[in-house]
Amino acid sequence: MKRARVAMNGTIYEAIEDNGFLQLNDHRKVTEKDVVWLPPVSPRTVFALGLNYADHAKELSFHVPTEPLVFLKGPNTIVGHRSETKRPPDVDFMHYECELAVVIGKMARNVKASEAYEYVLGYTVANDYAVRDYLENYYRPNLRVKNRDAFTPIGPWLVDKEDIPDPMNLVLRTYVNGALVQEGNTKDMIFTIPMLIEYLTSFMTLNYGDIILTGTPKGAVNVNVGDEVITEIEGIGRLINRII
């Protein structure tokens with residue numbers, strides 16, 4: 001099932017996808033443009049992966065990491081489908097990152113990789129923007145690169161894990177103003193979803209609603225004010241965002 005959170009006429013609703021319409025939890029059916037899309041989940045903690053695709057590491061002239069390069073993102077970064085993201089006026093290179101977002105479904109600690117999917121609630125699409133100008137290095141991403149307000153649209157849907165038989169074989173694509181600029185597949189991750197859950201829970205507790213952003217493949221292109229950026233993942237959805 002595809003689930004969403006939306007606002008309409010000052011009220012927040014849970015919704016599900018129903019033959020191209022949104023069915024609100026009061027049973028009304030509305031169109032996508034009748035509502036304001038909210039992030040499908042409100043995470044306590046957001047984990048982000050650096051250099052989790054070998055082709056992206058090569059693209060940036062970095063060595064493939066031998067253990068996950070994980071950093072945290074604040075809730076201020078998270079916005080919904082059809083949101084706007086502000087490009088800072090003083091930067092030369094701001095780029096999108098299409099990522100599979102894994103949503104945790106229950107408290108997890110010391111989880112083995114073989115049992116990891118038991119702790120997954122579902123999946124959504126993330127576009128984790130970065131400002132390359134501020135990057136110290138990919139082994140120590142600083143706050144200004146990855147924690148700017150409204151820099152991580154997610155959505156539109158939270159898709160139940162049961163509806164995605166193999167999350168490690170999904171096509172990811174990004175379009176800027178309708179042109180395909182990025183394409184990859186989750187099968188090319190260096191550290192798989194089970195490996196990441198095992199790694200993180202070996203030293204900390206994950207909680208319901210926490211999100212793991214699993215990294216992006218190669219194809220980082222600069223975006224400018226006025227650009228429409230669509231990040232999509234096979235079977236999960238198309239996330240639209242505009243640069244202002």
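The values are calculated or read from the model by the stated rules, or taken from the named source; none is laboratory data. These numbers come from a predicted model, not from an experiment. Ideal geometry is used to build each Cβ from the backbone, glycine not excepted, and the neighbour counts take in all protein chains shown. Keep in mind that these areas ignore ligands, DNA and RNA; they rest on the heavy atoms of the full protein, side chains included. Shrake-Rupley method; radii C 1.70, N 1.55, O 1.52, S 1.80 Å.
Points worth noting:
- Candidates in the range 129-181 are the residues that are over 15 Å from the mean Cα position of the chain (by Cα) and polar (S, T, N, Q); of these, the one that is modelled with the lowest pLDDT is Asn137.
- Answer residue from the range 176-186, given it is assigned to a strand (DSSP E or B) and β-branched (Val, Ile, Thr) and is surrounded by the fewest Cβ atoms within 10 Å (Cβ to Cβ) among those: Val181
- For the range 1-40, the set of residues classified as without any contact (Cβ under 8 Å) to a residue 12 or more places away in the chain and of a type in the set (Ser, Thr, Tyr) consists of Thr11, Thr31, listed by residue number.
- Test set (1) over 23 Å from Glu32 (Cα atoms); (2) surrounded by fewer than 22 Cβ atoms within 10 Å (Cβ to Cβ); (3) aliphatic (A, V, I, L, M); (4) in contact (Cβ under 8 Å) with a residue 60 or more places away in the chain - Met94 fails condition number: (2)
- Close contacts from the range 104-120, counting a first residue that is farther than 18 Å from Phe191 by Cα and surrounded by 15 or more Cβ atoms within 10 Å (Cβ to Cβ) and a second that is at pLDDT 95 or above and small (Gly, Ala, Ser), with Cβ to Cβ under 6 Å and a gap of 6+ residues or different chains, come to none at all.
- Among the candidates Arg144, Arg173, the residue that is open to solvent by 50 Å² or more (accessible area, probe 1.4 Å) and out of contact with any Phe, Trp or Tyr (no Cβ under 9 Å at 6 or more places or on another chain) is uniquely Arg173.
- Residue pairs meeting the criteria (Cβ under 6 Å; at least 6 apart or on separate chains; first without any contact (Cβ under 8 Å) to a residue 40 or more places away in the chain, in the range 172-189; second open to solvent by less than 50 Å² (accessible area, probe 1.4 Å) and in a strand (DSSP E or B)): Asn185/Val171
- Of all residues making up the range 176-213, the number that are within 30 Å of Asp227 (Cα to Cα) and small (Gly, Ala, Ser): 3
- The residues of the range 197-212 that are open to solvent by 10 Å² or more (accessible area, probe 1.4 Å) and either in contact with a helix residue (DSSP H, G or I) (Cβ under 7 Å, 6 or more places away or on another chain) or under 19 Å from Thr186 (Cα atoms) (or both), listed by number, are Glu198, Tyr199.
- The criterion of at least 2 residues that are closer than 23 Å to Ile154 by Cβ and of a type in the set (A, V, I, L, M, F, W, C) is met by the following strands (runs of 3 or more DSSP E) wholly inside the range 1-116: 2-8, 11-18, 21-24, 36-38, 46-50, 69-73, 98-104.
- When Pro165 is tested against the conditions (1) under 26 Å from Gly226 (Cβ atoms); (2) open to solvent by 50 Å² or more (accessible area, probe 1.4 Å); (3) part of a loop (DSSP other than H, G, I, E, B), the lone failure is (1).
- Qualifying residue in the range 2-13 (condition: surrounded by 22 or more Cβ atoms within 10 Å (Cβ to Cβ), touching a Ser or Thr at 6+ places or on another chain (Cβ under 7 Å) and under 25 Å from Pro167 (Cβ atoms)): no
- Answer residue from the range 187-235, given it is of a type in the set (Ser, Thr, Tyr) and assigned to a loop (DSSP other than H, G, I, E, B) and is nearest to Lys2 (Cα to Cα) among those: Tyr208
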